[in-house]
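Take a look at the structure set out below.
The values are calculated or read from the model by the stated rules, or taken from the named source; none is laboratory data. The structure presented is a predicted model; accordingly, all values stated were derived computationally and were not measured. Methodologically, a virtual Cβ is constructed for each residue, glycine included, from the backbone with ideal geometry; neighbour enumeration extends over all protein chains shown.
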Amino acid sequence: MSMVDYLRNCKQLRIGEMLRVGAVKSRLADECGGISFTEFSYQTMQAFDWTMLLRKYNCRFQIGGSDQLGHLDIGAHYIKRTCGGTFAAGVCLPLVTDRAGNKLGKSIGEGQVWLNADLTSPFHFYQFLRQLHDDEAELMYKYYSLNQWEYVLAKIEEHRSNLGKWIVQDALAKELTKIVHGEKGLNIAQRCSRALFQGVYIRSMPDVKSFSRAELLDLFGNTIKVVRTDVKTMGDLADRTRSDNIKGSALMVQGAFKVNGEKTLNSEEPLVIESICLPEASDLTLICWGKRKFFLVQWI
């Protein structure tokens, strides 16, 4: 479809209605930049897309977050005008946010969580839910649990009576990981979590020693690939495994850096790669920053 044809198809859209959309109004009131034509015209594409779905698949309802209310309203009115008065409606759900009110979605950056195991491994998915603040965990449990409502409320009450035991977080992580990644994904995530968070030297733990290379890669998803000849010391390895601008070698003296479960304090210590590879994976090393940020280094 040419641009001219597209604009002709969108002639039933009303500029006045488009300007009243909450997201557009807030951007227009922003003295720092306003709104680009691309962002403003996005609602025309969403409305046209919904119309095509209706014509091909009789799609009369569209579900979206509460921030999509204006766009869904524009689309429903566009369908009514272009499809002979056909009824269509949007169903809005509350946005899932963190404690600071930030939307949890694909655009939040490093902390985003995906359902696709290639983007977020079962282990990281499980741990994201397991480490939620109490308020966030209770809300997500109400939103996403498939248990009876009475059971959900009872579990939350049990949690509030035993703060510090992570009861809701545990229930939420188990249920959603099983739904998304199946029984196998949940079992692997739990095995890895037990091993990683018990604070024992990792290579002495049978549970982790039994992980095959394939299981480790499945658990962690993406790896940090490091060329063997690029690092000479533990400090070099620490620097390569930081995702921010802070020098890892400078943080080592604080005890924040662990290699396969052991604290490493000396940044000048010579690196012998063969001695730090995991037993069942001769090209993989487990790195931990702080208490819970685990990464898998793959030597190439």
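Within the stretch 249-300, being within 15 Å of MET234 (Cα to Cα), modelled with pLDDT of 85 or more and acidic (Asp, Glu) holds for GLU268, GLU269, GLU274. In this entry, GLY164 is excluded by the filter for residues that are surrounded by fewer than 17 Cβ atoms within 10 Å (Cβ to Cβ) and part of a helix (DSSP H, G or I). Residues in the stretch 119-157 that are more than 14 Å from the chain's Cα centre (by Cα) and assigned to a loop (DSSP other than H, G, I, E, B): HIS133, SER145, LEU146, ASN147, GLN148. Within the set PHE294, PHE211, the sole residue that is touching a Leu at 6+ places or on another chain (Cβ under 7 Å) and either assigned to a strand (DSSP E or B) or under 30 Å from GLN112 (Cβ atoms) (or both) turns out to be PHE294. Listed by first and then second residue, the pairs linking a residue in the stretch 248-261 that is at positive phi to a residue that is crowded, with 19+ Cβ neighbours inside 10 Å and among the hydrophobic types (A, V, I, L, M, F, W, C), with Cβ atoms under 8 Å apart and 6 or more places separating them unless they lie on different chains, are ASN260/ILE202; ASN260/ILE276; ASN260/LEU278; ASN260/LEU286; GLY261/ILE202; GLY261/LEU286; GLY261/CYS288.
Among the residues of the stretch 219-234, what is the count of those that are farther than 13 Å from VAL272 by Cβ and either touching a Phe, Trp or Tyr at 6+ places or on another chain (Cβ under 9 Å) or modelled with pLDDT under 85 (or both)? Counting residues in the stretch 219-234 that are farther than 13 Å from VAL272 by Cβ and either touching a Phe, Trp or Tyr at 6+ places or on another chain (Cβ under 9 Å) or modelled with pLDDT under 85 (or both) gives 9. Applying the set (1) modelled with pLDDT under 95; (2) buried (at least 17 other Cβ atoms within 10 Å of the Cβ) to LYS155 leaves exactly one unmet item: (1).
Restricting LEU286, LEU251, LEU265, LEU237 to residues that are assigned to a loop (DSSP other than H, G, I, E, B), out of contact with any Lys or Arg (no Cβ under 6 Å at 6 or more places or on another chain) and not assigned by TED's automatic domain parsing to the domain that holds GLN131 narrows the list to LEU265.
If you take the residues of the stretch 218-250 that are among the aliphatic types (A, V, I, L, M) and buried (at least 18 other Cβ atoms within 10 Å of the Cβ), which of them is nearest to SER193 (Cα to Cα)? Here the residue is LEU219.
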